[in-house]
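Structure first, commentary second.
The values are calculated or read from the model by the stated rules, or taken from the named source; none is laboratory data. Just so it is clear, the model here is predicted, and its values are computed rather than measured. Positions of Cβ are generated from backbone atoms using ideal geometry, with glycine treated the same way; all protein chains shown enter the neighbour counts. To get the accessible areas, we keep the full protein, side chains included, count just its heavy atoms, and leave off ligands, DNA and RNA. Shrake-Rupley method; radii C 1.70, N 1.55, O 1.52, S 1.80 Å.
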Amino acid sequence: MNIIDLIVFLLFTGGIVFFGCSFYSRKSSAAEFTNAGKSIPGWVIGMSIFSTYVSSISYLGNPGKSFASDWNPFVFGLGIPIASYFAAKYFVPFYRANGSVSAYAFLEERFGPWARYYASACYLLTQIARMGSILYLLAMPMYVLMGWDLGTVIIVTSVAIIIYSMLGGMKAVIWTEAIQGFILIGGALVCLAVLMFSMPEGPMQTFEIGFGTILEETGRSKFSLGSFSLTDLGNATFWVTLVYGIFINLQNYGIDQNYVQRYHTAKTEKEARNAALFGGWLFIPVSAVFFLIGTALYAYYQVMPDPTVADYVSDGKPDYVFPYFMVHSLPDGLTGLLIASVFAAGMSTVATSITSCATIVYTDYYQKIRRHASDREALVTLKAASVIIGAIGIVVALALTNVESILDAWWILSSVFSGGMLGLFLLGYISRKVANVHAILGVVAGFCIIAWISAADWIGLPPSGLHGYLAIVLGTITIFLVGFALALIIPSKRKAS
């Protein structure tokens, strides 16, 4: 790494850390830590929501997928506009009226403490898995760039994120994410331009190669969105991926603490609604840029073969190709900018996960034990929880260093750990007839479906024949239908709260 790239990288990443730390105040309260004093402008929250989506998983995982295969994973993002519409129309006003900064307080009101503990525990597991995946991808460019030990990079970077998340709370996280959003968009566009205009026959050669390459495993081009079969449920067809994307993104916007907490930070409900829409819609074109980078990388190395890239492909490490290109094919200064962009993407999402998880640990667990804790005790607890959650994320990241495709690993883990939380939320939100016992039986049925689809081998059951993406879809539907049907068949003697 030459001195110019190193300076650019350190200026961007160091500046972000110092900027986040600048929000520290001795007069800060627990409420300020969790909802930023309801003082954040809508456009900043929108950029924050966008930055949370565009983690290192998107920045390196998506180009890795389109480099190795096609554009099928892009279909996942097409469900975001649907989810953001429902968020702006229903979820934002609901949560702001509810008042609690915890996304899961409502479940306790409807079904009792067990529902809140179940959903919050699933959320914590999902976020920890996500943090591990992102931290690994965040460290990868420095491994390729400098040959630094992955574990060392993961630990050092995580400590920096933990520090500014702990000191500045939600306000620091949201404002730094907004800045990081601009950095990562600029970095991605610059890289795509360099790739396209480096082709011997000009930018259109990328599209000619992409459309002209027929993948042996699918029989379709590099730009394919997947099979449009309505009966093939065992593969990631267009429809399977789209339905999965709709359900996951409805869950994100509807019951994910990362998003719900942001709804409370806006100055007004209107700004919160606009933020939900803006953050969701911005992801679509930027996601397309990342997938186009992957296809452009494939075309680039088709016309300019590189033995190292060939080794990455044969070793099943397509996620390494993009950082390798950054190191060896970009002009001085741009390498530092791109590495800083990857760090910006990862740091923003990890900081969000740390702060939101700390909030859940305090509101959903600690407050149950210490109902009358002072504000100082609450703030100390929130900061201590931030450190503990960050440390656990480091351990998970170190455990994921040998996973073949981090994007696949993240999607499977999120399906298992999220456990159909959306189904439970919809039961309580849509029907007042569903009572505690109906919800419990619905969750048990849904979890069995999720376990069967996702982990049949582990529990000794015959394979379901369904793609893993459908676990969250069918789990959610099962929870809702079973709970709703039981409420009709076996009315509760006690009226649901």
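Projecting the Cα atoms of S165, V240, L11 onto the charge dipole of the chain (Cβ charges, centred on the Cα centre) puts S165 farthest toward the positive pole. Long hydrophobic helices in the chain, taken as whole DSSP H segments with a C-alpha length of 24 Å or more on their own axis and mean Kyte-Doolittle hydropathy at least 0.0: 3-21, 113-146, 150-197, 238-255, 269-303, 334-360, 375-399, 436-455, 470-489. Taking 0.36 nm per residue of separation and subtracting the Cα-Cα distance, full extension of the segment from S25 to L6 would add 3.7 nm. Using the average count of surrounding beta-carbon atoms within 10 Å as a protection proxy, the listed peptides 294-300, 65-71 rank, highest first, as 294-300, 65-71.
In terms of accessible area, using a 1.4 Å probe and ignoring ligands and nucleic acids, F325, F447 rank largest first as F447, F325. On the accessible surface of the chain, probed at 1.4 Å, how many percent belong to carbon and sulfur atoms? Here carbon and sulfur together make up 67 percent of the probe-accessible area. Classification of the chain by its C-alpha gyration tensor yields an oblate form. The axis ratio a/c (a ≥ b ≥ c) is 1.5 or more, and b/c is at least a/b. Charged side chains reduced to their Cβ positions (Lys and Arg at +1, Asp and Glu at -1) give segment 105-249 a dipole of some 400 debye around its Cα centre. Once the Cα-Cα distance is subtracted from the 0.36 nm per residue extended length, the D232 to D332 segment shows a gain of 31.2 nm. Checking the a/c ratio against 1.5 first, then a/b against b/c, what shape does the Cα gyration tensor give for segment 195-340? It is oblate, given that a/c is not under 1.5 and a/b is not larger than b/c. Computing FRET efficiency as 1/(1 + (r/R0)^6) for D311 and W114, where r is the C-beta to C-beta distance and R0 is 45 Å, gives about 0.30. Residues in the chain average 38 Å² of solvent-accessible surface per residue, probe 1.4 Å, ligands and nucleic acids excluded. Averaged over residues, the count of other Cβ atoms within 10 Å places the peptides 369-377, 246-254 in the sequence 246-254, 369-377, highest first. A simple charge model with +1 on the Cβ of Lys and Arg, -1 on the Cβ of Asp and Glu and nothing else charged puts the dipole of the chain at about 2640 debye relative to its Cα centre. Solvent exposure of M204, expressed as accessible area, is near 120 Å², computed with a probe of 1.4 Å over the protein chains only.
For the chain, the residue among A487, Q180, A397 whose Cα projects farthest onto the positive side of the dipole built from Cβ charges is A487. Just how many % of Cα pairs in segment 1-95 lie over 22 Å apart, if you round to the nearest whole percent? Cα-Cα pairs in segment 1-95 separated by more than 22 Å: 55 percent.
Taking 0.36 nm per residue of separation and subtracting the Cα-Cα distance, full extension of the segment from E208 to S221 would add 3.6 nm. The GluC sites (Glu not before Pro) found in segment 171-222 that occupy coil by DSSP, while having at most 11 further C-beta atoms within 10 Å, are E201, E216, E217. Projecting the Cα positions of Y118, I80, S69 onto the charge dipole of segment 28-127 (unit charges on Cβ atoms of Lys, Arg, Asp and Glu, taken about the Cα centre) puts I80 furthest along the positive direction.
Placing +1 on the Cβ of every Lys and Arg and -1 on the Cβ of every Asp and Glu, with nothing else charged, gives segment 206-346 a dipole about its Cα centre of roughly 620 debye.
Shown is the FRET efficiency for A456 and A97, computed with R0 = 41 Å from the Cβ-Cβ distance and rounded to the nearest 0.05: 0.45. Dividing the helix sum by the residues of the chain, where each DSSP H run of 4 or more adds -39500 (n - 2.57), gives a mean residue ellipticity at 222 nm of -23500 deg cm²/dmol.
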